[in-house]
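Rule-based calculations on the coordinates, nothing more; no lab input. This one's a predicted model, so the numbers in the text were calculated from it and none came from an experiment. Methodologically, a virtual Cβ is constructed for each residue, glycine included, from the backbone with ideal geometry; neighbour enumeration extends over all protein chains shown.
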Amino acid sequence: MDAQVIIVGGGPAGAWLAYQLARMGVETLVLEKHALPRYKACGGALSLKAVNCLKAKDVWPHIPIDREISDFEFAYSRYSPIPFQYHGPPIRLVQRSQFDHALLHLASAAGARLIQCRVHQVSRGNRVMMVETNRGTFRAHYVVGADGAGSIVARSFKLNPGISFSAFQAEVPVDEYPGLAERFKDKIFLQWGRLPNGYGWVFPKRTGLSVGLGSRSSGPVLWGAFTSFLTELGVDWKRIEVHGHRIPVGGRLVVSGERFLLLGDAAYLAEPFTGEGIYYALRSAELAASCLVKGRIGRYSSLLRDEIYPELNWAMKMEQLFGRWPALFHHLVKRNPDIIEHFFAFIHGQASFHSFYRNILPQLINIRGS
Ligand SMILES: Cc1cc2nc3c(=O)[nH]c(=O)nc-3n(C[C@H](O)[C@H](O)[C@H](O)COP(=O)(O)OP(=O)(O)OC[C@H]3O[C@@H](n4cnc5c(N)ncnc54)[C@H](O)[C@@H]3O)c2cc1C
C-alpha cells in the first residue's frame, strides 16, 4: 500500500484535505499533474466564509493575500453604474498560483507526500483502490477525487456530470494599461447584462487586473461577449492570453461510492449565483476529512446534502431570477443601494440565500411599487 488515502488533484480542495488528514496522522499521498506554482483561471476572490476556514493561527499567516477590497461598482450594460462601499469584512483577493502553492506547502509540511503525475484511471481491487498514472500504479485504502471540473476519478466510476457554466479570464498587465489600472485600482467591478445569464468582472491584483466573464452560455457566444467586454475596457484581446474553464455548479447527484469520494469542483460544488468555488472546495475537504478519519465515508454525501446543497439550490434560484431580469434588478437596486449589504451577508455566509427569498425579494418588490 502506498498510502491510506490518495488524493487526486492538488488544488484548494485536495491540498486542504491533505493538510487536515496529515495533521491527524493519516498517511496521505497527493497526485497532481502540474508542477506548482501553476496558473488556474480564477478571480481568486475569497469570501469571509472561505477566510474563516483558513483563520487557524498556524495557517492564516501563510496565506498569500494579494489585496483586500471594500469598494465595488455594479454595472448593467451601459446604464450608469452603482458605486458601493462595503463597511463589513473586505473581499480578499489571491493569486491562485500562490494560494494553491501555499496550501500544498502546508500539507507537505504537515506530513503529506506529493508526487507530480497525471492520473489516467482509478479502479477498485480486492480491498484496495488502484490509481494508474504516467508514473506507475499507486495503491491506497481510499481515493479522493479533488481533480476539478473534468475529474478523472468521477469518470472512472462513470458518474453522470451535473450542470456547468463556462468562463473566460485574462490577466491584463497594469504597466501596459495604466489608465485602466488607475480606474480599477482599488475596486471590484461587476457587470451584468452582456449575456442573458452571467456577469463580467474586473478584480484588481498587484500585478494586473483579472478580467473575466462567466455565464450559462459557452463557445462562440461567450467568446464574442468576452472579447467585446475587453474591447470596451480598451484592452487589445489579441495581445493577451485568454483562459477558458468550466464552473461546475449546484452539486453532483452522486459524490461518493465504495472507498472513494469527490470534493470541490469534482463534486460540482461551485455556487451558481456568484460562481464562488474556493469556499466549497475547502469546506467539502473538511467534511471529507472528518468522514475519512472515522472510516465512515458513507456519511459524506449526507453531510453535503444537509449543509451545502440547500444553499446551492437557493443560489441557483437566485441566479435564474437575476439572469432573467438583470435590467429590472439593476434599477431596483439602484433605487435602494443599501440592499447590497444583504448580498454581502449571503456571500460572506452571514445570511442564507434562502433568506433572500423570505426577506429581501419582498423588500425589492415594495421598493419598486413605492
Ligand atoms: C474563470 C473562473 C473564475 C473563478 N473565480 C472564482 C473566485 O473569484 N472565487 C472563488 O471562490 N471561486 C472562483 N472560481 C471557482 C474556483 O476556481 C473553483 O471552484 C476552485 O478552483 C475549485 O477547487 P478544486 O480544488 O476543487 O479544483 P481545482 O482548483 O480545479 O484543482 C484541481 C487540481 O487537480 C489537478 N488535476 C486534474 N486532473 C488531474 C489528473 N488527471 N491527475 C492529476 N491531477 C489532476 C489539476 O491540475 C488541479 O491542480 C472561478 C472559476 C473560474 C473558471
How high is the FRET efficiency from Met1 to Tyr357, r the C-beta distance, R0 35 Å, rounded to 0.05? 0.10
Give me the number: length gained by fully extending Lys185 to Ser123, i.e. 0.36 nm times residue separation minus the C-alpha to C-alpha distance, one decimal in nm. 17.4 nm
Between the range 206-240 and the range 153-174, what is the separation of their alpha carbon centroids in Å? 17 Å
With Cα springs under 10 Å, the Gaussian network model of the chain assigns the largest mean-square fluctuation among Ala167, Ala35, Ala181 to Ala35
Once Lys and Arg get +1 and Asp and Glu get -1 on their Cβ, which of Pro248, Gly298, Ala22 lies farthest toward the positive end of the dipole of the chain? Gly298
Quick one: Debye curve from the alpha-carbon atoms of the range 108-181 only, equal weights, vacuum; give me log10 I(q)/I(0) at q = 0.12, 0.15, 0.22 Å⁻¹ to two decimals. -0.55, -0.70, -1.05
Taking the number of other C-beta atoms within 10 Å as the exposure measure, put Glu182, Glu73 in order starting with the fewest. Glu182, Glu73
Give the value in nm², to one decimal: projected area of the alpha carbon convex hull of the chain, averaged over all directions. 18.0 nm²
Label-zone membership for the range 1-34, site Ala109, 7 angstrom Cα→C-beta point, backbone N under 15 Å: 16, 19-20, 22-23
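Relative to the Cα centre, what is the charge dipole magnitude of the chain, using +1 at the beta carbon of each Lys and Arg, -1 at the beta carbon of each Asp and Glu, and rounding to the nearest 20 debye?
In total the dipole reaches around 800 debye.
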The range 1-91: chymotrypsin sites (Phe, Trp or Tyr not before Pro) in DSSP loop, at most 15 other beta carbons within 10 Å: Tyr39, Tyr79
Find the centroid of the Cα atoms in the range 277-304 and in the range 25-66, then give the distance between the two in whole Å. 17 Å
Please give me, ordered by residue number, the GluC sites (Glu not before Pro) of the range 256-349 that lie in loop per DSSP and have at most 11 other Cβ atoms within 10 Å. Glu258
Tilt relative to the chain, helix 12-23 - C-alpha long axis, 0 to 90 degrees, to 10: 40 degrees
Summing +1 per Lys or Arg and -1 per Asp or Glu among the other residues with Cβ less than 15 Å from Ile7's Cβ gives -1
Mean 1/r over all different Cα pairs, inverted: what Kirkwood radius does the range 325-369 give, in Å? 10.7 Å
Between the helical axis of 219-233 and the dominant principal axis of the chain, each derived from Cα atoms, what acute angle in degrees is found, rounded to the nearest 10? 50 degrees
Sort Arg92, Arg296, Arg155 so the one with the fewest other Cβ atoms within 10 Å of its own Cβ comes first. Arg296, Arg155, Arg92
Residues Met316, Met1, Met129, sorted so that the one with the fewest Cβ neighbours within 10 Å comes first: Met1, Met316, Met129
Contact order relative to length for the chain, counting C-alpha pairs under 8 Å separated by 6 or more residues, stands in percent at 19 percent
How tilted is helix 326-335 with respect to the longest principal axis of the chain? Cα atoms for both, answer in degrees (0 to 90, nearest 10). 60 degrees
For Ala270, what is the net charge nearby, where nearby means another residue's Cβ is under 10 Å from its Cβ and Lys, Arg count +1, Asp, Glu -1? -2
With no solvent and one equal point scatterer placed on each C-alpha of the range 163-248, evaluate the Debye formula and give log10 I(q)/I(0) for q = 0.15, 0.21, 0.24 Å⁻¹, two decimals. -0.50, -0.95, -1.20
Around Ser290, under 12 Å between beta carbons, what's the net of Lys plus Arg minus Asp minus Glu among the other residues? +2
